[in-house]
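Q: Here you go, one structure.
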Amino acid sequence: GLVTFGVMLIVGLVISSLAAALRTQARIAGYRETRTAALYAMSRELAALESQEPMLETAVRHVSEVFGARAAILFPDAAGRIRRPTGAPQPRSLHGADLAVAQWVFDHGERAGLGTDTLPAATAHYVPLAGSQGIIGVLALDPANPRRLFVPEQQRLLDTFASQIALAMERARLAADARTSQIDAESERVRNALLAAISHDLRTPLVSIVGA
């Protein structure tokens with residue numbers, strides 16, 4: 001009787017342990033599926049946009065929803081100094097980003113602020129936006145639940161979000177530069193054509209005058 005009871009107890013413990021492991025694996029799989037869907041949704045929306053302002057609005061909205069945080073994307077001016085966003089604030093925008101911390105992140109290409117060993121007294125978490133040509137800006141997050149943000153899985157997801165945002169911003173800038181170059185080339189062509197027409201119009205009467 002005791003042997004039977006012991007065997008049944010061991011079997012029960014093994015089954016319970018396996019069931020717990022399966023539940024854990026199911027939760028992990030569900031989380032990864034949700035994470036992939038969130039990343040795909042943002043990437044798809046960004047890919048459909050061409051200019052920077054709507055891209056910024058889309059990126060901030062997705063980051064806020066996925067990470068439960070107020071967010072802001074900060075860019076440098078022509079002198080390389082990080083500035084606050086100039087667009088209309090969104091409901092989930094981070095208005096009080098620390099520009100000094102963001103500047104450090106931009107200059108060094110490393111995280112800083114809340115949850116890091118660099119300037120940890122800051123109330124927000126700052127992530128560099130690394131594009132193919134280097135650091136192009138900084139993503140700032142003020143999470144409602146910091147412990148949730150700093151789970152390793154969330155940190156990896158945040159890195160992926162930051163990478164996608166940086167690439168989208170680079171694409172928008174390259175497209176804007178291409179449009180500017182096209183406009184400049186067209187302006188130069190029109191100017192040359194106008195100068196040629198004026199030169200021709202002037203040269204015709206001058207030839208007549210000289211001939212006379």
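Q: Of the residues in the range 147-163, how many are assigned to a helix (DSSP H, G or I) and either surrounded by fewer than 18 Cβ atoms within 10 Å (Cβ to Cβ) or β-branched (V, I, T) (or both)? Before you say what the answer is, go through the steps one by one.
A: Of the range 147-163, the ones assigned to a helix (DSSP H, G or I) are 147-149, 152-163.
Those still in the list that are either surrounded by fewer than 18 Cβ atoms within 10 Å (Cβ to Cβ) or β-branched (V, I, T) (or both) too: 147-148, 152-153, 155-156, 159-160, 163.
Total satisfying the criteria: 9.
Q: Which condition number in (1) surrounded by fewer than 18 Cβ atoms within 10 Å (Cβ to Cβ); (2) over 27 Å from L49 (Cα atoms); (3) at pLDDT 95 or above; (4) not hydrophobic (A, V, I, L, M, F, W, C) is the one that R81 fails?
A: Evaluating R81 over (1) surrounded by fewer than 18 Cβ atoms within 10 Å (Cβ to Cβ); (2) over 27 Å from L49 (Cα atoms); (3) at pLDDT 95 or above; (4) not hydrophobic (A, V, I, L, M, F, W, C) leaves (2) as the failure.
Q: Filter the range 10-31 down to the residues that are farther than 20 Å from R148 by Cβ and either open to solvent by less than 80 Å² (accessible area, probe 1.4 Å) or modelled with pLDDT of 80 or more (or both) and list them by number.
A: Within the range 10-31, I10, V11, G12, L13, V14, I15, S16, S17, A19, A20, A21 qualify.
Q: Of everything in the range 99-119, what is open to solvent by 10 Å² or more (accessible area, probe 1.4 Å) and outside any helix (DSSP H, G or I)? Give them in sequence order.
A: Selection gives G109, E110, R111, L114, G115, T116, D117, T118, L119.
Q: May I pose another question? What's the number of the condition L141 fails, among (1) outside any loop (DSSP other than H, G, I, E, B); (2) surrounded by fewer than 21 Cβ atoms within 10 Å (Cβ to Cβ)?
A: The single condition L141 does not satisfy is (2).
Q: Kindly indicate the residue of the range 44-78 that is touching a Ser or Thr at 6+ places or on another chain (Cβ under 7 Å) and farther than 17 Å from A124 by Cα and also most open to solvent (accessible area, probe 1.4 Å) among those meeting that condition. Show your work before the answer.
A: Of the residues in the range 44-78, the ones touching a Ser or Thr at 6+ places or on another chain (Cβ under 7 Å) are 45-46, 49, 60, 70-72.
Going one step further and asking which of them are farther than 17 Å from A124 by Cα, we end up with 45-46, 49.
On the way: E45: 62, L46: 6, L49: 43 Å².
Per the stated criteria, the residue is E45.
Q: Out of T118, T36, T86, report the one residue that is at pLDDT 85 or above and not charged (D, E, K, R).
A: T118
Q: Out of G96, G87, report the one residue that is under 21 Å from R171 (Cα atoms), touching a residue at least 12 places away in the same chain (Cβ under 8 Å) and either open to solvent by 40 Å² or more (accessible area, probe 1.4 Å) or more than 15 Å from the chain's Cα centre (by Cα) (or both). Give the steps one after another, and end with the answer.
A: Values: G96 fails: under 21 Å from R171 (Cα atoms).
Going through G96, G87 in turn, the sole match is G87.
Q: Filter the range 120-134 down to residues that are under 16 Å from the mean Cα position of the chain (by Cα) and closer than 22 Å to F67 by Cα and give me whichever is most open to solvent (accessible area, probe 1.4 Å).
A: As a first pass, look at the range 120-134 and keep what is under 16 Å from the mean Cα position of the chain (by Cα): 125-134.
Within this subset, residues satisfying the condition of being closer than 22 Å to F67 by Cα are 125-131.
Values: H125: 2, Y126: 3, V127: 3, P128: 20, L129: 1, A130: 55, G131: 19 Å².
Checked the range 120-134; the qualifying residue most open to solvent (accessible area, probe 1.4 Å) is A130.
The values are calculated or read from the model by the stated rules, or taken from the named source; none is laboratory data. Here the structure is a predicted model, which means the values were calculated and not measured. Using ideal geometry, Cβ is built from the backbone for each residue, glycine included, and neighbour counts are taken over all protein chains shown. All accessible areas refer to the heavy atoms of the entire protein, side chains included, with ligands and DNA or RNA removed. Shrake-Rupley method; radii C 1.70, N 1.55, O 1.52, S 1.80 Å.
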